Amino acid sequence: MGRAKLFQDRRDAGRRLARLLSGYRREAPLVLGLPRGGVEVAYEVARALGAPLDVWIVRKLGAPGQPELGVGAIAEGGEVYIDRSLVALLGISEAELAVIAAQQAAEVERGVRKFRGDRPMPPIEGQTVIVVDDGIATGGTVRAALRDLRKRSPRRLVLATPVAAPSSLSSLCREVDGVACIEEDPSLQAIGAYYEDFSQTSDEAVAQLLAEAQRELPRPPEGSERPLCVQTGTAALPGDLAIPERARGLVIFAHGSGSGRRSPRNRAVAESLWRWGLATLLFDLLTEGEEAEDHRSERLRFDVELLARRLVGATEWALARPELRHLGVGYFGASTGAAAALLAAAARPRQVGAVVSRGGRPDLAGAALARVRAPTLLIVGSADTAVLGLNQEALDRLAGPRRLAIVPSATHLFEEPGALAAVAKLAGEWFAQHLPPRGDEARA
């Protein structure tokens with residue numbers, strides 16, 4: 001090129017690209033790298049934004065006898081892009097294209113298994129999604145990925161790359177809501193010419209970066225979970241609040257009958273939610289005197305209207321605090337606490353952005369189910385047959401977006417190996433997808 005290289009390596013390019021994307025931090029974005037080299041760049045972007053990192057698998061369709069010459073691409077959601085003018089110029093038949101597409105579809109599946117394993121696709125709907133590649137020459141593979149993702153209704157779709165050909169970038173602008181690019185070069189031919197080190201990224205390196213990104217998601221510093229007193233009307237209730245750095249939402253827990261804020265199952269879920277960048281508030285729904293009375297009669301733990309009033313009070317208390325008022329609020333309810341969460345969500349539709357129920361009793365919410373507008377996820381173990389039936393009946397009575405997730409072989413307390421981890425993962429994905437920020441951050 002006759003001038004100094006722009007980037008030392010992909011990681012250096014990612015750090016510099018992240019500066020252009022810093023304005024998206026408030027939107028709690030999802031960062032998707034295009035394997036393999038794009039993941040190295042995306043890792044640094046996700047790290048700088050405090051955002052989750054995943055991959056979107058896409059494969060080039062190479063011309064017959066010239067596999068490096070791309071005539072199209074196929075993405076993991078099934079989107080196929082074909083450069084019709086190039087196909088016509090090369091005289092490639094539809095039968096030849098079908099064979100090439102089938103071969104690359106198998107490679108896409110291999111990539112999904114290799115890099116994502118048994119994890120589901122990351123939630124796209126309603127999210128700000130930043131798609132990252134290490135450079136764009138013709139843009140065929142990127143186009144397939146963007147069209148694939150657009151079908152999944154992201155709130156905002158952003159393309160980010162260190163270097164690109166202006167003509168390709170201009171064409172791709174029609175596929176996205178925003179673009180970030182450090183260098184546009186009309187004479188671009190080889191992406192590697194802009195890097196000091198452009199050595200091939202291995203599958204193992206991609207897998208390692210994805211694992212590291214999971215471990216590095218924001219969580220509260222050690223010992224930062226602090227006890228406090230939650231004021232709900234006339235009752236002062238003990239609670240524990242944890243706020244990760246750059247928190248994207250607040251999840252308030254409503255424990256089940258006979259339980260409390262020290263529930264080991266709820267605390268395990270809370271720790272998992274920290275890694276999603278979610279603040280958590282666990283508090284006792286009953287005072288000490290009420291707990292003593294309840295041990296004798298077991299009456300108050302089933303008074304879901306009382307529990308719901310306490311939950312509403314805790315929500316108003318939380319949103320009055322300066323460090324929490326900008327966060328979207330979600331409820332995580334268990335057993336009878338799930339009914340209280342649904343009653344509270346029906347009572348405060350403008351405050352509550354999402355609800356998750358673990359082994360809950362939504363049926364106890366009664367007629368209020370029809371007034372719940374917040375997206376609601378009901379999680380039940382397949383072996384918890386009685387509660388499963390109650391949840392199936394309640395599902396159709398909910399007014400807003402809803403889903404029933406069944407954890408295989410799990411019983412009511414989700415004590416089986418891996419069952420509670422499945423609950424935590426489902427909850428994290430649901431809140432990450434449906435919890436928008438509040439106030440000025442929501443409008444930004």
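Per the listing GLY135, GLY38, the residue uniquely within 23 Å of the chain's Cα centre (by Cα), under 19 Å from ILE191 (Cα atoms) and modelled with pLDDT of 85 or more is GLY38.
Which of the numbered conditions does ALA347 fail, given that it passes all the others? Conditions: (1) open to solvent by less than 40 Å² (accessible area, probe 1.4 Å); (2) under 22 Å from VAL251 (Cβ atoms); (3) of a type in the set (A, V, I, L, M). That leaves (1) as the condition not met. Against the conditions (1) surrounded by fewer than 18 Cβ atoms within 10 Å (Cβ to Cβ); (2) not in a helix (DSSP H, G or I), ALA98 satisfies every one except (2).
Among the residues of the range 41-67, just one is open to solvent by 10 Å² or more (accessible area, probe 1.4 Å), touching an Asp or Glu at 6+ places or on another chain (Cβ under 7 Å) and assigned to a helix (DSSP H, G or I), namely ARG47. Does the range 364-411 hold any residues that are closer than 18 Å to VAL269 by Cβ and more than 26 Å from the chain's Cα centre (by Cα), and which are they? Matches in the range 364-411: ASP384, VAL387, THR411.
Scanning the range 15-40 for residues that are open to solvent by less than 10 Å² (accessible area, probe 1.4 Å) and assigned to a loop (DSSP other than H, G, I, E, B) returns LEU21, PRO29, LEU34.
Could you check, for the range 332-343, whether at least one of its residues is within 24 Å of the chain's Cα centre (by Cα), within 17 Å of VAL251 (Cα to Cα) and among the polar types (S, T, N, Q)?
no
GLN104 passes every criterion in (1) open to solvent by 50 Å² or more (accessible area, probe 1.4 Å); (2) part of a helix (DSSP H, G or I) apart from (1).
The single condition from (1) loosely packed, with under 15 Cβ neighbours inside 10 Å; (2) under 30 Å from LEU210 (Cα atoms); (3) over 24 Å from the mean Cα position of the chain (by Cα) that ARG113 fails is (3). Within the range 408-437, residues that are on the phi > 0 side of the Ramachandran plot have Cβ atoms under 9 Å from residues that are open to solvent by 30 Å² or more (accessible area, probe 1.4 Å) and of a type in the set (Gly, Ala, Ser) in these pairs: SER409/SER382; SER409/ALA383; PHE414/ALA422, counting only partners at least 6 apart in sequence or on another chain. Would you be able to say whether some residue in the range 259-276 is open to solvent by 10 Å² or more (accessible area, probe 1.4 Å), touching a Phe, Trp or Tyr at 6+ places or on another chain (Cβ under 6 Å), within 23 Å of THR234 (Cβ to Cβ) and not in a helix (DSSP H, G or I)? Within the range 259-276 (the criterion being open to solvent by 10 Å² or more (accessible area, probe 1.4 Å), touching a Phe, Trp or Tyr at 6+ places or on another chain (Cβ under 6 Å), within 23 Å of THR234 (Cβ to Cβ) and not in a helix (DSSP H, G or I)), the answer is yes, since at least one residue qualifies. Considering the conditions (1) crowded, with 19+ Cβ neighbours inside 10 Å; (2) closer than 29 Å to VAL387 by Cα; (3) modelled with pLDDT of 85 or more, TRP317 is excluded by exactly one of them, (2).
Could you please let me know if LEU311 is touching a residue at least 40 places away in the same chain (Cβ under 8 Å), in contact with a Phe, Trp or Tyr (Cβ under 8 Å, 6 or more places away or on another chain) and open to solvent by 20 Å² or more (accessible area, probe 1.4 Å)?
no
The set of residues from the range 362-373 being under 17 Å from ALA254 (Cα atoms), free of Cβ contacts under 8 Å to residues at least 40 places away in the same chain and open to solvent by 10 Å² or more (accessible area, probe 1.4 Å) comprises just one member, ASP363.
What residue, among those in the range 70-95 that are over 18 Å from ASP133 (Cα atoms) and part of a strand (DSSP E or B), is least open to solvent (accessible area, probe 1.4 Å)? Residue satisfying both the conditions and the ranking: VAL71. The residue pairs whose first member lies in the range 60-88 and is touching a residue at least 60 places away in the same chain (Cβ under 8 Å) and under 15 Å from ARG147 (Cα atoms), whose second member is open to solvent by 50 Å² or more (accessible area, probe 1.4 Å) and among the hydrophobic types (A, V, I, L, M, F, W, C), and whose beta carbons are closer than 7 Å, counting only pairs six or more residues apart or on different chains, are GLY72/VAL80; ILE74/VAL80.
Are there strands (runs of 3 or more DSSP E) fully within the range 117-226 with at least 3 residues that are buried (at least 19 other Cβ atoms within 10 Å of the Cβ)? List them.
Values: elements: 128-132, 156-164, 178-184.
Ranges flagged: 128-132, 156-164.
The values are calculated or read from the model by the stated rules, or taken from the named source; none is laboratory data. Worth saying up front: this structure is predicted, and the values here are computed from it rather than measured. Note that each Cβ is placed from the backbone with ideal geometry, even for glycine, and that neighbours are counted across all protein chains shown. Calculation scope for accessible area: heavy atoms of the full protein, side chains included, ligands and nucleic acids excluded. Shrake-Rupley method; radii C 1.70, N 1.55, O 1.52, S 1.80 Å.
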